[in-house]
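Read through the structure below, which is laid out as structure tokens, and then see the notes.
The values are calculated or read from the model by the stated rules, or taken from the named source; none is laboratory data. These numbers come from a predicted model, not from an experiment. In this analysis, Cβ positions are derived from the backbone assuming ideal geometry, glycine residues included, and neighbour counts consider all displayed protein chains. In case anyone asks, the SASA skips ligands and DNA or RNA and just uses the protein heavy atoms, side chains included. Shrake-Rupley method; radii C 1.70, N 1.55, O 1.52, S 1.80 Å.
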Amino acid sequence: MAIYDEASKALAFKFSDCYGNSLMKISIIGTGYVGLTTGTCFAEVGHEVTCVDNNPEKVKMLLEGKIPIFEPGLEELVKKNVAAGRLKFTTSTEEGVKNGEVVFIAVPTPPQPDGSVDLSFIEKVAREIAVCLTPDLGYRVIVDKSTVPVKTGQKVAETVKRYAAEGCEFGVVSNPEFLREGSAVDDLLNPDRIVFGSNDDHATMIMQKVYEPFVAPVLVTDVESAELIKHAANSFLALKISYINAVGRICEKSGADIEKVAEGIGMDDRIGRKFLNAGLGYGGSCFPKDVKAFIAISESLGYPFDLLKQVEDINEEQRKLFLDKIREKLWVFQDKKVAVLGLAFKQNTDDVRESVAIKLIHDMLAEGADITAYDPQAIETAKTFGQLDGKVTFAEDIYSCVDGAEVLIIATEWPEFANANLSKIKEKMAANLIFDGRNLLDQDAVANAGFEYISIGRPATGSPA
Ligand code: UDX
């Protein structure tokens with residue numbers, strides 16, 4: 001493993017000598033969340049980017065400057081770079097392979113029922129790239145950007161070699177992404193680190209050039225280490241969340257306050273305060289899937305990763321314990337008017353994949369609750385992907401959501417909820433009960449406004465009406 005030090009700077013220097021200062025021609029296969037944001041940000045720093053997607057509707061939409069996802073800042077960047085001629089969209093993989101000296105694979109890697117990763121999209125794209133390669137195109141770097149199990153790079157290399165014509169030259173690289181939904185553009189343009197793994201010096205030099213416009217520490221590893229870094233990093237963050245949620249349970253039993261405990265723990269530089277927010281647990285398209293996948297990968301390599309199984313269990317229990325607390329107060333859910341603030345799996349996104357808020361709503365619906373919900377961005381996705389259409393009333397803002405409610409539940413950490421006018425909420429509600437699943441509200445302020453307030457890992461405040 002080589003860290004970006006004097007040795008790797010020398011590699012970058014050699015590369016500049018060979019290729020001058022021209023920016024790179026890059027293609028991205030797959031314009032989902034990762035592919036679209038990555039391709040757009042590469043164009044933004046000056047590369048010439050071709051984004052390929054096999055869905056003609058999507059490509060048409062993107063060519064018209066319409067973005068299929070809500071991601072702050074993305075739409076503007078897509079429009080700007082399309083207009084500048086640096087960002088193109090096509091359905092043709094052949095065009096992508098022809099145009100891109102570097103071809104990124106950014107297709108889905110969904111979980112299978114046993115938690116292992118379905119790699120059929122990766123395999124298919126590897127074959128498609130292979131048949132588009134021709135010896136006259138020259139050397140191509142094939143980069144895996146999708147989150148994949150360790151050793152996938154080897155399989156991609158074998159597959160491309162098997163299906164490509166004689167004399168085609170290529171190298172395979174693993175380049176995991178670390179972008180967070182809701183701040184993906186900033187994470188990509190100002191990354192805290194860039195990691196790529198390659199077993200081929202030529203490919204390494206080209207990757208240095210791809211990332212030359214970015215100011216960030218670069219870690220160059222072998223392919224397998226880069227692949228593992230992604231699963232290990234996400235699993236560690238999930239572990240941090242489950243750890244603080246477990247400590248929160250001890251706080252509840254002992255009268256301690258998880259917010260103060262997290263602050264005290266986080267002041268240790270070796271631990272850090274980030275990702276120590278107790279709440280309903282983690283959701284989204286990455287953590288649940290990646291933890292499951294890492295457990296399955298470890299198992300297949302002969303190591304049963306029991307620690308991560310505990311991480312999953314704690315996460316699942318977190319929602320159930322919260323539900324128990326609400327049920328204990330309400331006695332029964334049947335016919336209770338419940339207001340839920342938050343549907344997205346976290347703030348600043350319309351994504352409801354593995355959203356704890358959506359699961360909580362389904363749990364309460366199953367017990368007969370009458371639910372009104374509001375989210376600043378995720379109402380449409382909650383209706384369709386969250387399967388809540390016709391089952392829940394959707395409100396246009398916080399105050400119409402709580403109108404007549406007997407209980408208010410905060411399920412997503414949108415800043416808008418933290419700044420809500422508590423007196424106005426109190427006037428609108430039919431009772432004075434708030435359950436805060438994200439510890440967003442100030443305990444004193446809620447108690448002063450006359451609410452009974454129950455949150456996570458903190459003593460309850462206010463008294464029953
Ligand atoms: C994550 C990683 O952060 C990112 O680096 C990786 O590339 C993809 O997966 P993302 O899924 O967009 O990003 O969301 P993130 O901000 O990490 O939050 C994940 C979940 O954890 C959310 O449900 C959030 O509510 C929860 N969370 C986060 C907590 O419960 N407590 C915390 O302290 C932080």
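What to note about this one:
- Cα centroid separation, the range 332-384 to the range 105-133 (Å): 32 Å
- Heavy-atom accessible area, probed at 1.4 angstrom with all protein chains present, ranks His362, His231 as His362, His231, highest first.
- With both labels modelled 7 Å from their Cα along Cα-to-Cβ, the Gln154 to His202 distance reads 2.3 nm.
- Count Lys and Arg as plus one, Asp and Glu as minus one, and take only other residues whose Cβ is under 15 Å from that of Ala445; the net charge is then -2.
- For the range 201-215 and the range 153-171, distance of Cα centres in Å: 21 Å
- Helix 287-300 vs. the chain, principal-axis angle (Cα, 0 to 90°, nearest 10): 60 degrees
- Spacing of the two label points (7 Å from each Cα toward its C-beta) at Ala418 and Asp403, in nm: 2.9 nm
- Convex hull per residue volume in Å³, alpha carbons only, for the range 418-459: 63 Å³
- The length gained by stretching the chain between Ser116 and Tyr139 to full extension, at 0.36 nm per residue less their Cα-Cα distance, is 5.0 nm.
- Solvent-accessible area of Lys98, all protein chains in place: 130 Å² (probe radius 1.4 Å, heavy atoms, ligands and nucleic acids excluded).
- As computed over the range 2-221, the Cα convex hull volume per residue (Å³): 122 Å³
- Normalising the average separation of contacting C-alpha pairs (under 8 angstrom, six or more residues apart) by the number of residues puts the relative contact order of the range 222-465 at 19 percent.
- Enclosing the Cα atoms of the range 306-369 in their convex hull gives a volume equal to 100 cubic angstrom per residue.
- Surface accessible to a 1.4 Å probe, per residue, for the residues of the chain, Å²: 45 Å²
- Dimensions in Å of the range 195-245 - Rg and Dmax from alpha carbons: 14.3, 46
- Listed peptides 286-296, 268-278, 419-429 by packing density, highest first (mean Cβ within 10 Å): 286-296, 419-429, 268-278
- For the range 222-465: rounded, prolate or oblate by the Cα gyration tensor [a/c cutoff 1.5]: prolate
- The packing ranking of peptides 385-396, 50-61, highest mean first, is 50-61, 385-396, where packing means the average number of other beta carbon atoms within 10 angstrom of each residue.
- For the chain, the calculated P(r) over all alpha carbon pairs, in 10 Å bins from 0 to the bin holding the longest distance, is 4, 19, 27, 23, 16, 9, 3, 0 percent.
- Every helix of 4 or more DSSP H residues in the chain counts as -39500 (n - 2.57), and over all residues that averages to -14000 deg cm²/dmol at 222 nm.
- Options Phe214, Val52, Gly197, ranked by Cα towards positive dipole end of the range 2-221, top entry (Cβ charges): Val52
- For the set Lys98/Lys383; Lys260/Lys325; Lys145/Lys240; Lys209/Lys309; Lys260/Lys426, the pairs lying more than 31 angstrom apart at their alpha carbons are Lys98/Lys383; Lys209/Lys309.
- If you wrap the range 38-107 in the convex hull of its Cα atoms and look at it from every side, the mean projected area works out to 4.4 nm².
- Kirkwood hydrodynamic radius of the range 376-465, from the reciprocal of the average inverse Cα-Cα distance over all distinct pairs: 13.8 Å.
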